[in-house]
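The block underneath contains the structure these notes are about, expressed in structure tokens.
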């Protein structure tokens, strides 16, 4: 079974990468448990470039879903538009927060049951490098640090 | 100076009283015609649009039309079940707000959240019910063929559009505001996204107080 549980998994939630993603730290990852009938889920996490060179994230994938991609919800005249983010560059020291109502990982067609507290593997690929794994825990409601983005 | 005759004094006094009376009527008529100014943030006033006729079908197979909303406050949101970010986020905040609003004297037990799917192709009754139940079992979930949906979205000044994403996948762009519909079927406010429970409660309290007094 691919679902992992939080007790062990929280130790792995923050991970620093090597290779093309060198310096990338993925932390505070979570997935909003999708309502029944919804084949898609959104994942959120904090991405920090703790290295000395720019990092470009080119792809995300998850063995727990048939497909995954970076998306961004944008608002235009009160209309929500969801768009594919083809790549995401982080300058040295830059921190990008994926949170509800903004940047998120679109996760399509789960291969496992998304029970609360299950841990989901997210593989992040930077330019020409091997993927690095981040971990997202399934939650029914956001953690206190990830309230909906109401700054716009 | 000759003192005024008694009849002249009487005539003048009567004239003053009549003038004051007429002036009072004129002033009160003017007051009735002038719209009451509103300082409520986001209130569509003084001319909130009346809800035009529409007919959707809810997740129980019943007709969902304007009459279903009469006599209660409705917080209406457009979305679709394949929407992973803004829809579950908004419905979760709406459901949390409604838990508090159940004790609000103007929302009470009759108030409703209405979730209208703009994706009738994928959202059948079973999908809508399962999706809405996850947030609150008394959410009205409804949809209709595109033409009928457009009657409702036009009436509310809302939009939706199918956006292909390749590989046969598509998403829906849609208005993501929360539409506040008054018990006498007027659109009185639209809360723009992103949403939070506290903003929803605050907007409802302010808007419903004003409408109850002046609507």
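The values are calculated or read from the model by the stated rules, or taken from the named source; none is laboratory data. Remember, it's a predicted structure, so these values are computed and weren't measured experimentally. Cβ sites come from the backbone with ideal geometry, for glycine too, and all protein chains shown count toward neighbours.
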Hits in the range A:97-110 (condition: at positive phi and more than 10 Å from chain B (Cβ to nearest Cβ)): A:109
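This table checks each residue for (1) touching a strand residue (DSSP E or B) at 6+ places or on another chain (Cβ under 7 Å); (2) surrounded by 14 or more Cβ atoms within 10 Å (Cβ to Cβ); (3) assigned to a loop (DSSP other than H, G, I, E, B); (4) not assigned by TED's automatic domain parsing to the domain that holds residue B:196.
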site	(1), (2), (3), (4)
B:60	no, no, yes, no
B:64	yes, yes, no, no
B:71	no, no, yes, no
B:77	yes, yes, no, no
B:82	yes, yes, yes, no
Residues of the range A:39-54 satisfying the condition of being at pLDDT below 95 and part of a strand (DSSP E or B): A:40
For residues that are surrounded by fewer than 20 Cβ atoms within 10 Å (Cβ to Cβ) and either within 12 Å of another protein chain (Cβ to nearest Cβ) or under 19 Å from residue A:99 (Cβ atoms) (or both), tally how many sit in the range B:197-209. 3
Only one of A:59, A:99 is within 12 Å of the chain's Cα centre (by Cα), surrounded by 14 or more Cβ atoms within 10 Å (Cβ to Cβ) and outside any strand (DSSP E or B); which? A:99
With the checklist (1) within 13 Å of chain B (Cβ to nearest Cβ); (2) surrounded by 16 or more Cβ atoms within 10 Å (Cβ to Cβ); (3) not in a loop (DSSP other than H, G, I, E, B) in hand, flag the one item residue A:142 doesn't pass. (3)
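Name the residue, out of B:191, B:187, that is at pLDDT 95 or above and within 16 Å of residue B:86 (Cα to Cα).
Values: B:187 fails: within 16 Å of residue B:86 (Cα to Cα).
So the residue among B:191, B:187 that is at pLDDT 95 or above and within 16 Å of residue B:86 (Cα to Cα) is B:191.
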The range B:65-114, residues that are within 14 Å of chain A (Cβ to nearest Cβ), within 19 Å of residue B:155 (Cα to Cα) and more than 14 Å from the chain's Cα centre (by Cα): B:79
State yes or no: is residue A:93 under 15 Å from the mean Cα position of the chain (by Cα) and on the phi > 0 side of the Ramachandran plot? no
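Taking the options B:56, B:91, name whichever one is in contact (Cβ under 8 Å) with a residue 60 or more places away in the chain and either in a loop (DSSP other than H, G, I, E, B) or in contact with a strand residue (DSSP E or B) (Cβ under 7 Å, 6 or more places away or on another chain) (or both). Write out each step before concluding.
Details: B:91 fails: in contact (Cβ under 8 Å) with a residue 60 or more places away in the chain.
Checking each option against the conditions leaves just B:56.
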When the range A:86-96 is checked residue by residue, the ones that are touching a strand residue (DSSP E or B) at 6+ places or on another chain (Cβ under 7 Å), loosely packed, with under 13 Cβ neighbours inside 10 Å and under 25 Å from residue A:76 (Cβ atoms) are A:87
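Please tell me if residue B:130 is within 14 Å of chain A (Cβ to nearest Cβ) and touching a residue at least 40 places away in the same chain (Cβ under 8 Å).
Values: within 14 Å of chain A (Cβ to nearest Cβ): yes; touching a residue at least 40 places away in the same chain (Cβ under 8 Å): no.
When the stated conditions are applied, residue B:130 does not pass them.
Does residue A:36 fit the bill of being surrounded by fewer than 18 Cβ atoms within 10 Å (Cβ to Cβ), within 13 Å of chain B (Cβ to nearest Cβ) and either modelled with pLDDT under 85 or not in a strand (DSSP E or B) (or both)?
Details: surrounded by fewer than 18 Cβ atoms within 10 Å (Cβ to Cβ): yes; within 13 Å of chain B (Cβ to nearest Cβ): yes; either modelled with pLDDT under 85 or not in a strand (DSSP E or B) (or both): yes.
For residue A:36, the condition - surrounded by fewer than 18 Cβ atoms within 10 Å (Cβ to Cβ), within 13 Å of chain B (Cβ to nearest Cβ) and either modelled with pLDDT under 85 or not in a strand (DSSP E or B) (or both) - is met.
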Restricted to the range A:62-96 and to residues being over 20 Å from residue B:89 (Cβ atoms) and either assigned to a strand (DSSP E or B) or touching a helix residue (DSSP H, G or I) at 6+ places or on another chain (Cβ under 8 Å) (or both), the residue nearest to the other protein chains (Cβ to nearest Cβ) is A:67
